[in-house]
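Everything below concerns the one structure shown next.
Bear in mind these aren't lab numbers, they're just calculated from the coordinates by the rules spelled out. In this text, all values refer to a predicted model and were calculated from it rather than measured experimentally. When we count neighbours, we look across all protein chains shown, and the Cβ atoms used for this are built from the backbone with ideal geometry, even at glycine.
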């Protein structure tokens, strides 16, 4: 079992839809969680960063962490074609070196 | 300001050859990370530098892989006797002090024929 798991998709939605992307993790010691966006042939770009349980909102993006169920989510409101990319969830694991453990990534396509 | 840069952007080599991949981190960032991303997968950690020293090299797959950062800035990932299974995108990231906010470069796409 991978430490961070993510459904690879692809996920296709119409423009304006609310998108829900999800990950699960296996180790209850994980503390920090991130969502990265990766466009084709580019490096990952940090979107959201959260610590412990709860919600964090930034514009159209909301990140949610439920530590009791080891479940993390990213919601995108009013999705745009420019949101079409691969979304990677990640955790710092339980190390203190900052190395990240990534999920497989979910490919999202937002159709005009 | 300038982000993380990596050269070359693409590298094609033959099985058994030696390759070097270069990473220029964001100026002033003391922490530098290398990851490897295979097609359809998320990045996998290889090695972490804090300054000039490798603080964690637990992700290096075998002794054909080696990385250096002699002056605490630029880093080079070296792969000896390349194998077809080494084909992947090699990503470099840096952060100000080794915390969780890592900034990634565009990657080097390595293809071993």
Next on the checklist: Under 8 Å for C-alpha pairs, at least 6 residues apart: give me the relative contact order for region B:58-110, rounded to a whole percent.
Outcome noted: 26
Checklist entry - Under the definition of Cα pairs under 8 Å and six or more residues apart, what whole-number percent is the relative contact order of chain B? => result 37
Checklist outcome for this item: Zone reached by a paramagnetic label modelled 7 Å from residue B:52 Cα along Cα→Cβ, restricted to region B:69-85 with backbone N below 13 Å, covers B:69-74
Item to check | Dimensionless Rg/Rh of chain A - Kirkwood Rh, Rg from C-alpha atoms | outcome: 0.96
Checklist entry - What Rg and what Dmax come out for region A:11-65 when only alpha-carbon atoms are used, in angstroms? => result 12.9, 37
Next on the checklist: What is the ratio of the Cα radius of gyration of chain B to 2.2 N^0.38 Å, with N the residue count, to two decimals?
Outcome noted: 0.99
Checklist entry - What FRET efficiency would be calculated for the residue pair residue A:41, residue A:69, taking the C-beta separation as r and a Förster radius of 30 Å, to the nearest 0.05? => result 0.30
Item to check | Distance in nm between pseudo-label sites at residue B:9 and residue A:18 (7 Å out along the Cβ direction from Cα) | outcome: 3.9
Item to check | Alpha-carbon Rg/Rh ratio, for region B:1-65, with Rh computed the Kirkwood way | outcome: 0.97
Next on the checklist: What does the structure give for B:101-110 when I average, per residue, the other chain Cβ atoms found within 10 Å of the residue Cβ?
Outcome noted: 4
Checklist entry - Over the protein assembly as shown, what number does the Rg to Rh ratio reach, with both radii from the alpha-carbon atoms and Rh per Kirkwood? => result 0.97
Item to check | Mean-position separation - Cα centroids, region A:67-112 and region A:17-44, in angstrom | outcome: 2
Checklist entry - With the contact rule set at Cα under 8 Å and sequence spacing of 6 or more, what percent relative contact order holds for chain A? => result 37
Checklist entry - Can you work out the FRET efficiency for the pair residue B:64 and residue B:30, with r the C-beta to C-beta distance and R0 = 25 Å, to the nearest 0.05? => result 0.35
Checklist entry - Hey, got the average number of other protein chain Cβ atoms within 10 angstrom for residues in A:100-107? => result 4
